[in-house]
Structure formats: C-alpha cells, structure tokens
Amino acid sequence: MPISAVISGTGRSVPSRVVTNRDLEKIVDTSDEWITTRTGIRERRIAGEGEVMSQFATEACRQALEAAGVPPADVDLIICATVTPAMPIPATSCTIQQQLGCVRAAAFDMQAGCSGFIYAQSVAKQFLLTGRYQHVLIVGAELLSKFLDWKDRATCVIFADGAGAALMSRGELPRGVLSSVLHTDGSMSDLIVMTGGGTKHPPTEATVREGLHYIRMKGNETFKIAVRSLEEVSREALALAGLTTDDVDVFIPHQANQRIIDAVGARLGIPAERSYVNIDRYGNTSAASIPIALDEAVRIGRIRTGDVVLMAAFGAGLTWAGSVVRW
Ligand code: ACO
C-alpha cells in the first residue's frame, strides 16, 4: 500500500470563561441581534488574567496524543500555527515540546493567519510522505483577545480564543490527506493587520497610544473575497483528490462568519447538514478554528472512519487553503 499522512488523533482546549453578546453590549455600541444576524456568533471563549496561549495549545496536543495512543517521546516534530504566540521569542512550539515531554521532537511556529492549520497540515504531510518522520503534532492556537481593541466593535465581537490540535502519522492509503492546496496574495495584506509589535514598529509608548498592537480588519472588503476564495480552493482541493462535492461527507470551513459559511456551502452545493459549524459558541479563533471544529466533530461521531472531510480556510495575508482527508 502507498504511504500516506493520516490524522491519528485530535484534541482541543478553550478558556472556561464564556463571553456572551449581551456581555459585549455593556462595553461597546453593539447588540445581540446585530452580532447574531451578521456573524452567527452567540458567545465566545476569552482567556482570563494570567492564562497563556501555550497552556491551551499544550492541552490540545496532549489530548491528540492520548486519542492516538502515541507517547510524547515518539513525536518527531511539533508545528504551532498562530498569529498570537505566547511571546515573540522563543517559539510557543518549544514550550509545548517541553511541557509535553516530547524530548525528541523538533519544534517551530508558523504564521499563515486563519489558514495556519491547513498550512501546518500540508508541511507535516511532506515530512511524513518522504518517510523522514513518523509522527508530527500540529496545533492551531490563538489568544486573539489579547490583541483586541475592546472599543472597536468591528473586531472585538468577532475574534476569540482557543486551541485545537491533530497528531499526523505515517499511514497507508486509502486513508490520509488526499490533497492540500495553499494560496497567498500579499497585495491585499492591508485587509487584516496588526502593524505594531514587530520590527517595523517595535513596541513603544507611542505605538501603544496609537493602538498599533491591535488587530484591525476591513471586514466588508474581506467578506466577498473570502466567499470566492473558499469556494475556489475547495473545488481545487477536491479536483486534486479526484473527488467532487458530492463525495464530501463533512465540510469543515474556517469559522469566520455564518453568512460566509452559508454562502460557500450554497455555491459548492454542500447542504448545511454536511457542514460542521460551531461559530455560535466559539466565534472566530483564527488558526484554531478548524482544529477545534474537527475535534468536536470527531468526538461526537460526526466524522467516522472512511469519511471524506473537506477543510477550507481563509485569512490574513491574504492566505487561503484547502485540504481533503479520507478519515
Ligand atoms: N455592532 C453593531 N454595528 C456594527 C458592528 C457591531 N459589532 N460592527 C459594525 N457595525 C456597523 C458598521 O459600523 C456599519 O454601520 P454603517 O452602515 O452605519 O456604516 C454596519 O454595521 C455594517 O458594517 P459592515 O462592516 O459592512 O458589516 P458586515 O455585514 O460586513 O459585517 C463582518 C462585518 C462581520 C466583520 C463581516 O464583514 C465579516 O465577517 N467579514 C469577513 C471576516 C473574515 O472572513 N476574515 C478573515 C479571517 S480573520 C483572520 O485571518 C485573522
């Protein structure tokens, strides 16, 4: 049998603190009605004081290893996809490695906006298919709340916190990642930004005063591009796998906006009951959104052995990506 890269275990971890739309009504000029009808979000998880991104990432990874029955010492590589690392140096993946006891694993972080988990999946797949590695742990983890301007109603009602992980292992077809497609268009990089905190605008009193450390998004312009890109990349990934939308058992889109998910589903001809949606409970957790949804879908039995799972994401960069996995 030809070798493949299979997802052998999944996990997730989110802060226990729930922030509802009603809670947000008290701090910003918005309404439960606006947020629900425009985004589909009803509540989200927001980290409390002292909670750090690495703790959620580590816990999600721990669950993925447990689900796969693979000991930490057998992991060859850890990739953490994030736009909100615990700190700039060292990479959060190194903290995860230490906390899990993955003593043999190499580790690095990568940044591809909300598409990060699918990008990480694709990188992991290459290492598994070449035969170099046996087990690669990938995790999408974000504490976006730490970079939100709680006076900016265009972003603070949307973004949230959490982590989701998957252990990818060398396996055999017909199971495994059948196709991965990655895209980038840097000419639209201004649509979703956090301009401060890097080497262009290192943190100073002035950058903090000007709010350069906050995430800003031109949501309306992003919306139309997101719908088109998610449809196109889904079709591309399916075609590369030799499949069509009729073959999709479960569609896991990036949880950015219920209206985007509905529009993409309609364009693809994938009925709502075949899409997995949890944006109502978690909001947009960027790179964590797909792996959190994936883990939920697996644990409640929505995804079963042999199922064809389509994943598609879109985010800052702009980046967009799709993958097809036979479970
Ligand atoms: N509460 C009440 N009113 C609001 C709010 C709010 N929270 N936010 C915006 N409004 C107002 C605006 O001020 C505007 O008012 P006006 O008409 O008087 O000017 C009106 O609502 C409409 O604003 P739009 O921005 O056009 O609202 P839209 O329907 O586009 O919804 C949203 C905004 C939810 C952000 C949507 O555009 C969206 O989901 N965009 C895509 C986001 C996305 O996919 N991002 C990529 C992933 S993120 C990443 O990579 C990190």
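Taking the criterion of being away from the ligand (no atom under 16 Å from the Cβ) and either of a type in the set (Phe, Trp, Tyr) or surrounded by fewer than 16 Cβ atoms within 10 Å (Cβ to Cβ) (or both), the residues of region 135-186 that qualify are Glu172, Leu173, Pro174. Considering region 235-309, the qualifying helices (runs of 4 or more DSSP H), each wholly inside and each with 3 or more residues that are within 13 Å of the ligand (Cβ to nearest atom) and modelled with pLDDT of 95 or more, run over 258-268. Annotation note: Cβ proximity below 6 Å between a residue of region 17-38 that is basic (Lys, Arg) and a residue that is modelled with pLDDT of 95 or more and more than 8 Å from the ligand (Cβ to nearest atom) (sequence gap 6+ or interchain) occurs for Arg17/Ile46; Arg17/Gly48; Arg22/Asp32. For Ala60, the conditions (1) under 27 Å from Ile192 (Cα atoms); (2) aliphatic (A, V, I, L, M); (3) more than 17 Å from the chain's Cα centre (by Cα); (4) crowded, with 20+ Cβ neighbours inside 10 Å all hold with the exception of (3).
Remark: pairs (first residue in region 174-200, farther than 22 Å from Val233 by Cα and assigned to a strand (DSSP E or B); second residue within 14 Å of the ligand (Cβ to nearest atom) and at pLDDT 95 or above; Cβ separation under 7 Å; 6+ apart in sequence or on different chains) = Val193/Arg216. In region 305-327, the residues that are within 14 Å of Phe117 (Cβ to Cβ) and of a type in the set (S, T, N, Q) reach residues that are within 16 Å of the ligand (Cβ to nearest atom) and not in a strand (DSSP E or B) with C-beta atoms within less than 7 angstrom, at least six apart or across chains, in these pairs: Thr319/Ala112; Thr319/Gly113; Thr319/Ser115; Ser323/Ile118. Filtered by the rule that a residue be more than 16 Å from the ligand (Cβ to nearest atom) and hydroxyl-bearing (Ser, Thr, Tyr), region 188-204 gives Thr199, Thr204.
The values are calculated or read from the model by the stated rules, or taken from the named source; none is laboratory data. These figures come from a predicted structure and were not determined experimentally. Don't worry about glycine lacking a Cβ; one is built from the backbone with ideal geometry, like all the others, and counts go over all protein chains shown.
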